[in-house]
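The values are calculated or read from the model by the stated rules, or taken from the named source; none is laboratory data. Predicted model, so just to flag it, every value in this text is computed and none were measured. All Cβ positions, even for glycine, are placed from backbone atoms using ideal geometry, and neighbour counts span all protein chains on display. To get the accessible areas, we keep the full protein, side chains included, count just its heavy atoms, and leave off ligands, DNA and RNA. Shrake-Rupley method; radii C 1.70, N 1.55, O 1.52, S 1.80 Å.
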Amino acid sequence: MATKKDTRKKLTIDTNMADFKKAYNAKRKLIEREYDDFLFALGKQWSDADLEDYEKRKIKPVTDNRIQPNLFLITGLERQNRSEFKAYPEGQEDSLKAEIASRLFKHTVKISDFLNKTSEQFKDGTTCGESHLELYLDNTEDLINGKPVWRKADGDCIFPEPGFREYDYSDARYVFKLTKDITIDDLISLYPDKQTLIENSKPTTLNYGQDATGSHVQKRDYPKAGGGSDSNEQKEDCCDLMERFYKKYVTKSYIGDKATGTIQEAESSEKANAFIQSYLDEIAQGKTAYDNDVALYQQQLQLAQVDTTVPVPIEPIQPPAHDPKRFIHFKRHVPEIWLYATVQGIKEPLANEQAWFYPLWKKYPFVPYYARFSTAPIKGDDAHLLVQGIVCPVKNAQEIHNKTKTLELLHLNTSTNSGWLTEEDVWVNPTKIKELGATPGFNAEYKRDRPKPERIFPQPLSTGHEAISQGAAESIKSQLGINADLLAAEQGGQQSGRAIALRQRQGLLMVQELFDNLSRSRTIAGKFLLSQMGKMYDTQTAKRVLGEAFIAENFSIPQIDPTTGQPIVGMDGQPVMEVNEEELDGVLNQILSGEIWTYDVAVGESVSSETMKLANAADLKEFAESFPGLVPPDLLIEESMLPQSTKTKVVNSIRRAQAMAANQPQRPVGSGGK
């Protein structure tokens, strides 16, 4: 019987480069437009041809940048309402795990500077449409526990497979990351096992060549002003590292347990079969042992019936019933995330191995942020329109506004000194009038007995240009969807905090997608971090992060006297407590395993800005006043803006007072106090 031929393309340096060119060509127009969007937002809003034309005419063009203040407003709102990662329990029994995960989250956010990195990502993404974060672990200071580090990657460094439709690239077969101008020393530090290969080669910068039509030669970076690029500029001892993260499909064996409904991956098909066979052998051995015990029991019973001196045997207990079909072995063709790394000038790949984060994280190591993301079926040269920031849609209106303002100012300047209306041969010195006639304080002399010259008054400002300019400015405002409501500003009167918050939410409607996508990106980043907790902490470092007070509060048990088996009581009459290290280590091991986010906790966001915390604390206080006794005092303290040390002292004081009140004997009813 003929075997089916494997038609899958073998991954080589040549096929890898061909895939990269396809990915680049699909994104080329988007990269060029994003660069233009950045320049436009920063104030370069005139073409080189227009600037050259105005310079020849001695005219200075006007740039009234209406886009940049709106970017400042959007980024200011994001920074003012920053949120941190928080683990929410899936069930009530998972609340302690969620609290521990949240505390570890808070520590990773602090040491990795995540909030500032994600703010930079948001700013670039809202400007041009996309920005990315990449997580890696730095083991420079600690060879065991890596320090989480976030690196921002621009749109011209990340190249997913053309035609992807999922926000997190989960449907893409591969994603390229291009690291430009990396030094040879840094390259060796990334791939120390390939040091000899690198040193014996001539690594160089990447030459993308031409696209599929042969009409476009790839430039090294974003295009420069005037159409240039740094394609001919190569830094000494630098090269470009191309890393391809791709899905490699492999056949894996799994063991299904019908009794519990769980599925466990086996190391190999042989070990899966061996496990099931050992289970069947155990059942058979148990049945054989029981049959032997029954036969022996019957023999001893017969002897006891004949000879009364022989004790009556105990009937053997039948073993529990076991289903021989409980475990099943099946195979699946599943994708693994692998890394294929190459450098131009090195004839062998630097890596073709399983990615460092797999299998705890089964997606790509990039956290994308798209301001406006669409999956509409648009292909070809127009596909770049599927990804947009807030700059691209308003560039035309901004250009109209700038040009009308320039023409309006030009009209004013050219009509300021409109000249004189005179008869022929009226001025005493016509040359002096021509040179100094518009100078302040100049005395113009005309000949005796001649008609007095009349000044020609300038024409009024062009109302047409002013109307077009105002219309373009309003168009920018309406297209951006950003207005005074985002500032909660209203003329006249004073507003409550609730009214301000409501107006802000109403003003955010047209830009809500920007913040929803940011929350989506942060959730991906949080899940990625949680999956790699075991590589950032061990049980000892995790305990130091949690702190002794938290551990004592949640994992303390009474000390037991080994001689009496009773709890040891202290001088105050209270049981002496000790930390249950076994339980603590068990919970930490579950969290550090990296799989807790799959079933036990959900990754979300919590408020980190002082403004939002104050608003939440005020709402909780108002609720406590409206419904006395329902909100515990320690919860009010925890939600306040007091320092953590002060919170701890107040909460402990409240708990001591509550404990004393609970232990105080109650006075008999009707004692009258005498």
Practice problem: Within the stretch 158-180, work out how many residues are under 16 Å from Met17 (Cα atoms), part of a loop (DSSP other than H, G, I, E, B) and open to solvent by less than 50 Å² (accessible area, probe 1.4 Å). | Solution: 1
Practice problem: Filter the stretch 51-85 down to residues that are open to solvent by less than 50 Å² (accessible area, probe 1.4 Å) and under 19 Å from Ala397 (Cα atoms), then give me how many there are. | Solution: 7
Self-check item: Sole exception among (1) crowded, with 16+ Cβ neighbours inside 10 Å; (2) modelled with pLDDT of 75 or more for Lys447, by number
Solution: (1)
Practice problem: Please work out which one of (1) in a loop (DSSP other than H, G, I, E, B); (2) out of contact with any Phe, Trp or Tyr (no Cβ under 7 Å at 6 or more places or on another chain); (3) open to solvent by less than 30 Å² (accessible area, probe 1.4 Å) is the condition Thr342 fails and give its number. | Solution: (1)
Exercise. Would you check if Asn417 is polar (S, T, N, Q), surrounded by 12 or more Cβ atoms within 10 Å (Cβ to Cβ), closer than 17 Å to Leu73 by Cα and modelled with pLDDT under 75?
Key: no
Quiz prompt | Enumeration of residues in the stretch 181-222 that are open to solvent by less than 30 Å² (accessible area, probe 1.4 Å) and modelled with pLDDT under 50 | solution = Gly209, Asp211, Gln218, Arg220, Tyr222
Quiz item: Out of (1) in a loop (DSSP other than H, G, I, E, B); (2) among the acidic types (Asp, Glu); (3) in contact with an Asp or Glu (Cβ under 9 Å, 6 or more places away or on another chain), what's the single condition that is false for Asp64?
Solution: (3)
Exercise. Please name all residue pairs, on different chains or six or more residues apart, with Cβ atoms under 9 Å, provided the first residue is in the stretch 258-284 and is under 11 Å from His329 (Cβ atoms) and basic (Lys, Arg) and the second residue is open to solvent by less than 80 Å² (accessible area, probe 1.4 Å) and at pLDDT 90 or above.
Key: Lys271/Ser253
Self-check item: Pairs, first farther than 27 Å from Gly256 by Cβ in the stretch 309-329, second open to solvent by 100 Å² or more (accessible area, probe 1.4 Å), C-beta under 7 Å, six or more apart
Solution: Val310/Leu303
Quiz prompt | Complete set of residues in the stretch 248-270 that are open to solvent by less than 30 Å² (accessible area, probe 1.4 Å) and not in a strand (DSSP E or B) | solution = Ala266, Ser269
Quiz prompt | Members of the stretch 350-402 that are open to solvent by less than 10 Å² (accessible area, probe 1.4 Å) and in a strand (DSSP E or B) | solution = Ala351, Phe366, Val367, Pro368, Tyr369, Tyr370
Quiz prompt | Members of the stretch 1-44 that are among the aliphatic types (A, V, I, L, M) and either modelled with pLDDT of 95 or more or not in a loop (DSSP other than H, G, I, E, B) (or both) | solution = Ile13, Met17, Ala18, Ala23, Ala26, Leu30, Ile31, Leu39, Ala41, Leu42
Quiz item: Taking the stretch 540-582, which residues are over 23 Å from Lys647 (Cβ atoms), among the aliphatic types (A, V, I, L, M) and surrounded by 12 or more Cβ atoms within 10 Å (Cβ to Cβ)?
Solution: Ile557, Ile560, Ile568, Val569, Val576
Quiz prompt | Every residue from the stretch 279-324 that is hydroxyl-bearing (Ser, Thr, Tyr) and surrounded by 11 or more Cβ atoms within 10 Å (Cβ to Cβ) | solution = Tyr279, Tyr290, Tyr297
Quiz item: Of all the residues that make up the stretch 95-111, how many are open to solvent by 10 Å² or more (accessible area, probe 1.4 Å) and either closer than 13 Å to Glu78 by Cβ or not β-branched (Val, Ile, Thr) (or both)?
Solution: 9
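Having 2 or more residues that are open to solvent by less than 60 Å² (accessible area, probe 1.4 Å) and either in contact with a strand residue (DSSP E or B) (Cβ under 8 Å, 6 or more places away or on another chain) or at pLDDT 70 or above (or both) is the bar; report the helices (runs of 4 or more DSSP H) wholly within the stretch 591-668 that clear it.
Working: elements: 596-599, 610-626, 633-638, 644-663.
In the stretch 591-668, 610-626, 633-638, 644-663 are the helices (runs of 4 or more DSSP H) which contain 2 or more residues that are open to solvent by less than 60 Å² (accessible area, probe 1.4 Å) and either in contact with a strand residue (DSSP E or B) (Cβ under 8 Å, 6 or more places away or on another chain) or at pLDDT 70 or above (or both).
Scan the stretch 236-247 residue by residue and report those that are on the phi > 0 side of the Ramachandran plot and crowded, with 16+ Cβ neighbours inside 10 Å. Reasoning before the result, please.
So in the stretch 236-247, the residues on the phi > 0 side of the Ramachandran plot come out as 237.
Residues satisfying the conditions do not exist here.
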Practice problem: Determine if the stretch 91-109 includes at least one residue that is assigned to a loop (DSSP other than H, G, I, E, B), touching a residue at least 12 places away in the same chain (Cβ under 8 Å) and either closer than 15 Å to Met536 by Cα or touching a strand residue (DSSP E or B) at 6+ places or on another chain (Cβ under 7 Å) (or both). | Solution: no
Quiz item: Is it true that some residue in the stretch 488-497 is farther than 30 Å from Leu77 by Cβ, at pLDDT below 70 and open to solvent by 90 Å² or more (accessible area, probe 1.4 Å)?
Solution: no
